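Computed from the coordinates by the stated procedures, all read-outs in this text should not be read as laboratory data. If you're wondering where the values come from, they're calculated on a predicted model, not measured in any experiment. In this analysis, Cβ positions are derived from the backbone assuming ideal geometry, glycine residues included, and neighbour counts consider all displayed protein chains.
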């Protein structure tokens, strides 16, 4: 992959590929004092490319010219490790592409591909794996006074701070995706709203994500949504935020697309998330929407808006008498049912299956809306009063 190369140290991941590139020093020491240093780039790319297997691609090359204090550096062996039913299939030395020893003046690369398999025979299970690799090298100094020696490197012992869990793999035999498969469980994928097709739903999500303190689903604010898979809790959360008849009472028919459309209550954060304002703390909710003195979450504590046509544009207006303070933790809006349901519906279900989303998994929401710097702010530079949004 183009974005996975040895140009510089980095660690990058998608839901199915992780690329970790490190600068690794090799030292010659005498009496504990470093006499010379050779630096190599180690690249490990993990690809979750099979239903009961995945693949590691390991590349080693010098990061700079090898000092003449080294006569030869020879990477003589690798040993792969995994847990449980995860089994690395160790290739023999002839599987390397490129020779695995270097002398001063050589800058070639050497690469090795290793496959892992895991036991996917029992249905309904999920497993966590953390593949590891040990790399050994023989060092031959140019100075005959220094004896040849062996040095070793283990991937799991040299993570940069905060990156140690990015290569954690979850494999499952559940119905989370099409067949069995694996994901990098600590990489949060992004769900893209189709703002051009469903601007009412996208504008409402933008408003709550942008202006409320918890910024649900915002990658910029590092505030992911967390999927909540309990259907009964989903219904409880939604009914608290969007009781029957609320949209019909508070909405405007000008927002409807056609005669078959009907007003819907659009809640954000979604009822199918632990971020939902309708989920109490006792139920595991992160942001219960409570009125002062209240103990049961209610949509009355959310920002309330409705969509209405104004000339050729559709506006989100705050409900009469309920101007927001922008300290609320959620929003509910009376909008077109077509916009509300089709902005998620099958699109979100496909995203869930493709990304193998399971309960408590994090994901981002990109509303695909942009204010373009158009927002007019309140007195003293407070929260936005009017913003003109453009769908991306």
Rounded to the nearest 5, the percent of antiparallel DSSP beta bridges in the chain equals 90
Ordered by packing density, taken as the mean number of other Cβ atoms within 10 Å over each peptide's residues, highest first, how do 220-227, 237-244, 256-263 rank? 237-244, 220-227, 256-263
Measuring from the longest principal axis of the C-alpha atoms of the chain, the long axis of helix 345-354 (C-alpha) lies at a number of degrees, nearest 10, equal to 10
Rounded to whole angstroms and listed largest first, the alpha-carbon spread of the range 10-182 along its three principal axes comes to 62, 35, 24
With Cα springs under 10 Å, the Gaussian network model of the chain assigns the largest mean-square fluctuation among 361, 252, 31 to 31
Considering only C-alpha atoms, what is the centroid distance from the range 1-63 to the range 180-200, in Å? 29
Over the chain, what is the relative contact order in percent, taking alpha-carbon pairs closer than 8 angstrom and at least six residues apart? 14
As I understand it, the value is the acute angle between the Cα axis of helix 199-211 and the longest principal axis of the Cα atoms of the chain; what does it come to in degrees, rounded to 10? 70
Once you compute Rg and the Kirkwood Rh from C-alpha atoms, what is the Rg to Rh ratio for the range 190-391? 0.94
DSSP beta bridge pairing in the range 190-391, given as percent antiparallel to the nearest 5: 75
What is the distance in Å between the Cα centroid of the range 83-111 and that of the range 298-314? 60
Taking Cα pairs closer than 8 Å and at least 6 residues apart, the relative contact order of the range 10-182 in percent is 21
Using a/c under 1.5 as the rounded threshold, could you call the range 193-295 rounded, prolate or oblate? The axes a ≥ b ≥ c are square roots of the C-alpha gyration tensor eigenvalues, and prolate needs a/b larger than b/c, oblate otherwise. oblate
With angles folded into 0 to 90 degrees, how steeply does helix 231-241 sit against the dominant principal axis of the chain? Use alpha carbons for both and round to 10. 50
Consider the candidate values (i) 1.12; (ii) 0.96; (iii) 0.99; state which one is Rg/Rh (Cα atoms, Kirkwood Rh) computed from the structure displayed. (i)
Please label the shape of the range 1-72 as rounded, prolate or oblate, based on the square roots a ≥ b ≥ c of the eigenvalues of the alpha-carbon gyration tensor (a/c under 1.5 means rounded; beyond that, a/b larger than b/c means prolate, else oblate). prolate
Work out the P(r) tail for the range 95-199: percent of alpha carbon pairs separated by more than 24 Å, whole number. 55
Relative contact order computed over the range 143-226 (Cα-Cα under 8 Å; 6+ residues apart), in percent: 14
Would you please classify the overall shape of the range 265-365 from the alpha carbon gyration tensor, given that a ≥ b ≥ c denote the square roots of the eigenvalues, rounded means a/c under 1.5, and beyond that prolate means a/b larger than b/c while oblate covers the rest? oblate
More than 16 Å apart: what percent of Cα pairs in the range 37-117 qualify? 55
Taking neighbour Cβ counts within 10 Å as the exposure measure, how do 139, 303, 34 sort from fewest upward? 34, 139, 303
